[in-house]
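Here is the structure we will look at, set down as structure tokens.
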Amino acid sequence: MITISTLIAVPAIAAVVLLVIPFARQAAGYLALLVSLAVLGAVIGFIYRFEPVAGYQFSDDVSWIAPLGVRWHVAVNGVSLAMIAVTALITTCALGFALWAKRDRSHASFALILLTEAFLFLVFAARDLFAFYVGFEGMLIPLLVLLVVWGGAGRKFATLQVIAYTAFGTLLMLLGILYLGLTAPGGPNFDMTAAIGRGNDWVFFAFAIAFAIKSPLFPLHGWVLPAYRNASPEVAAVLSGVASKAGAFAFLAVLVPLFPSQSEKYAWVFIALGTIGFLWGSLLAFRQPDGRGVVAYSSIAQMSFIVLGIFLLSDRGATGATFQMVNHALVSAALFLVVGWLETQVGSGSFAQLGGLARRRPVLATVSMVLGMAALAVPGSSVFASEFLIMLGAFENHWWLGAIVALGVVLAAMYMLRWISAILHDRESALAGTLNPPDLKKGALMAILPLVLVLIGLSIAPAQFTDRVDASAHALISAAAKEAGR
Amino acid sequence: MIKAPDVNWLAIAPEMALMIGAFVLLLLASFIRGRDRGIGTAVGLITLVVSAGFAINAWTEPATTTMAGAVQIDQLTQVVTVLIAGCGILTLLVSFGWNRMRENGAEFVALLLLVAAGMDLIAASNSFVTLFVALELFSLSLYVLCAFDGKSKASLESGFKYLVLGTIGSMVLVYGAAFLYGATGSFGFEAINTALSKAGSGDALVILGTVLVLIGLAFKIGVMPFHMWVADVYEGAPTNVTGFMSAATKIAAFVALARVLFDALPAIRDTWAPALVIIAVVTMILGNISALVQTNLKRMLAYASVGAAGFGLIAIIVGGEAGTRGLIFYLAAYAPMAIGAFAVISLHERDHKGIATLDSIRGWGFDRPVAAVSMVVFLLGFAGFPLTVGFIGKFVVLGSAVEGNYAWLGVVAVVASVISLGYLLRIILAMFDRGAKSGVMMAAAPGMGSLNLAIVLCLALVLIGGILPGLGLDWAADAAKSLAAGR
């Protein structure tokens, strides 16, 4: 029987093996891909076995560091399983893209991507604050090396930014975790269940700042642009697709359930910041000169939107935020891979160098169009469903909040349409004309297509998703919602 | 006739073994010219293992004092003995391929064993007399080790500076102990404690004595503002010695401080704790800021170790069971990271045939992937990233601070940690700088194997300690009970 622990251990062990043994590129790539596919298969198995109820399932709970009262406690509910599934999918696609892109020292890069996956699984599944911290901070290590060794020209500055921002946040959270764990009645106990409701305002903000940086929530998004611009495409896909989701996920699955009264008390702060970030990010996305810039700022906007959805503290908001996390993960990962592919073909992601690429390239045009339509939340798309849920929640909260949020959704349409037309339509640039890049095909397509297909699947049957996470999402916010009298 | 005090020889067997080993080597030195390296290393390793073996064997024995109460043998002594022996073994492995080992290996190892004996005795000291003798035994030998590379002016300068400044520290300590003697009528820790518990800290002699003792020990630990020797000495000393110093000296000096503060001066905690708070804050912040502007790797890590000493002070300030356990575990955790990091620098110096700077290591990581990845782990360990033993050390010390109502010191430590990332990342970025060709000669120098072995051993210790630290935490908790504050 495959447990959650095995799910975490397999990519970690595979990563160590790949790091230690210098396989050739092909061998290492196919081995990593095989491992990630196996993990993906196991995750699908979990989804199949999953009961759509509120509580945590598939629990592993053993003593880890006895003198500190630390336990290895992992389990999943609907929300975390959704995040684990999307992580497994995006990791597989990222590995596929890395294999296609032929990186130097590839065995190490594959290993580090797998290691990131393991840490992310731990973040999503941990039920013990110590284990959660290990995942939350630990994922920085492989991402840091991936950025340093395989990053673009500005990678040094980007790395310093990422690490300084996120390490500051997580270390503050560490103090909060220590407070919760060490003041537990009956000796040190870092289990999340034991920490519910025991934190004070200081501890709440220690956690909240860490999560806000990771999400990123306006105004703590300074690290995002350099990181997304300089990471290699597959790493940018993992970063924006799932690593940043760790922050939003933690808001929903750690902060709100652990601090119900503070979450209710300070919900307005996050709603306000989320609204500002949503509008601000969308506006800036509209002004970006290159493909990555648009996706990066739209990520900031969308993540702010998701945080807003969480702090509505309503069922619709929570389910919508979860759904939007998954949708945005798929969309932004796929967009980064498409932009990355363009960069490898044209040598630049700048809109000035692109344009008119739809002609003679039907596959590229179709994939980009589908992604663009999803990103701008065309009715019928899964993104529309999730954004609609959050908007509905916002209207329930206050009609004017709903109105402001709707404005942001319009902005999203503007920047995405600009992205599509700048790449696919417009006049063909001189550079693109001379280089005459081929159509999206084979390896790169295989890496991007699964993401698109899953998006289409979710668009066709969104209820398949929401039915499974509804109960869990409701359970996560119910204590805080009760405080709010809802 | 003066009656000599009874000596429990078995209790002090670890220290005796080290001293006997040292003298045997010194005697042998003149006969084994040319085979110094092999014989010296072998005798050194055996002696260290024997000393650790005696300590482990005595682990379950009840605590005891001997030599008329001047020496106390308890689990803290045993843990320190094992730790110092471990540092010594790793240092011998690092030193094996060093060219000075070929010429004067026996003397080098003998001095190292004497240093270890002195450090063990510090942990066993129960009076200021023993403390001072032990301190001088290890310091004097260490001065020589720093100057051991006689052909290098930097090494001589390092030894000389350490000698002068270290001696000042010792003198101030003795001066302070004399005042305390004047106020309490005893050098013994327990007697001082008894006297102070009755009299309190009102006496000016007590205050003066405490301040001077603190300054003396602060010199040895290398916290601000008594840190000025650290960077120069670390930079000039042979790198294998630097690694040993940063790990073992820190253990010995901190344990000395703990013995004095927790065994002799707990009654006047209100006098010394505020002073240490200020020193800790200043040291953590300024130590790490000073490291930011360095380009020489050894200097950079020297300032990092100053910052780490400031962090260690938090555990002393908090005290109690949690604080002392945190201190001991943190010191133990720091050792493999420090020795490992300096071992990697040693390796680089041999590759590069020159000092290690941010420029010289540019791109070097791609030539020596194993060493460079190990370095990344050690550096992330300094910064306290999860899955390294440095994280657990940070976790227990910060935990004790949060529990002991010093959470704000924890916040300062967090800020200091973020500053430290600034320079730790610079090293990592430079090692993996794709743009640069390191252009080093990859000659297979003799002794490279043992250096690599030392690096991999440190790596294993750092990772195992980071993933499964339970046993180490138990030992640290037992050792903490030896100190009055831990009981």
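Values in this text are rule-based calculations from the coordinates and carry no lab data. All of these numbers come straight from a predicted model, not from anything done at the bench. Heads up, the Cβs are rebuilt from the backbone with ideal geometry, glycines too, and the neighbour counts pull from every protein chain shown.
Computed over chain A, the P(r) curve from all C-alpha pair distances, binned at 10 Å from the origin, holds 4, 22, 33, 27, 11, 3, 0, 0 percent per bin. Label point of residue B:467 set 7 angstrom out along Cα-Cβ; within the range A:54-77, no amide nitrogen lies under 12 Å from it. Applying 1/(1 + (r/R0)^6) with r as the Cβ-Cβ distance of residue A:48 and residue A:428 and R0 = 51 angstrom yields a FRET efficiency of 0.60.
Would you mind counting up the charge near residue A:3? Only other residues with Cβ under 13 Å from its Cβ, with Lys and Arg at +1 and Asp and Glu at -1. Walk me through the numbers on the way to the answer.
On the way: positive: A:49; negative: A:60, A:61.
Once all neighbours under 13 Å are counted, the net charge is -1.
Here the protein assembly as shown yields Rg over Rh of 1.02, to two decimals, using C-alpha coordinates and the Kirkwood radius. Among the listed pairs A:245/B:394; A:102/B:298; A:156/B:151, those whose Cα-Cα separation exceeds 31 Å are A:102/B:298; A:156/B:151.
Where Lys and Arg each count +1 and Asp and Glu each count -1, what net charge lies around residue A:375 among other residues with Cβ under 13 Å from its Cβ? Here the count lands on 0.
Between helix A:362-375 and chain A there is an angle of about 30 degrees, using the helix long axis and the longest principal axis of the Cα atoms. With a cut-off of 20 Å on the backbone N, the residues of the range A:138-162 near the modelled label site 7 Å out from residue A:352 along Cα-Cβ are A:153-154.
Measuring how big the range B:267-360 is from its alpha-carbon positions, Rg and Dmax come out at 16.3, 54 Å. Ranking of A:182, B:205 by neighbouring Cβ atoms within 10 Å, starting from the fewest: B:205, A:182.
A simple count of charges around residue B:296, restricted to other residues whose Cβ falls under 15 Å of its Cβ and scoring Lys, Arg +1 and Asp, Glu -1, yields -1.
The modelled label-to-label distance between residue A:403 and residue B:32, using points 7 Å beyond Cα along the C-beta direction, is 9.0 nm. With each label modelled as a point 7 angstrom along the Cα→C-beta vector, the residue A:463-residue B:61 pair spans 7.8 nm. Computed with the Debye formula from one identical point scatterer per Cα of chain B, without solvent, the log10 of I(q)/I(0) at q = 0.12 Å⁻¹ comes to -1.01. Based on every Cα atom in the range A:84-144, Rg and the maximum pairwise Cα distance Dmax equal 12.4, 39 Å. Neighbour counts of C-beta atoms inside 10 Å place A:328, A:398 in the sequence A:398, A:328, starting with the fewest.
Quick one: Cα centre-to-centre distance for the range B:92-116 and the range A:233-294, in angstrom? Centre-to-centre (Cα) distance: 57 Å. By other beta-carbon atoms within 10 Å, ranking B:3, B:198, B:250 with the fewest at the front produces B:3, B:198, B:250.
Approximating the spin labels as points 7 Å out from Cα along Cα→Cβ, the residue A:369-to-residue A:421 distance works out to 1.6 nm.
The gain in end-to-end length when the residue B:24 to residue B:6 segment is fully stretched comes to 3.9 nm, 0.36 nm per residue minus the alpha carbon separation.
Can you compute the FRET efficiency between residue A:198 and residue A:59 using 1/(1 + (r/R0)^6), with r the Cβ-Cβ distance and R0 = 22 Å? Round to the nearest 0.05. The calculated FRET efficiency here is 0.55.
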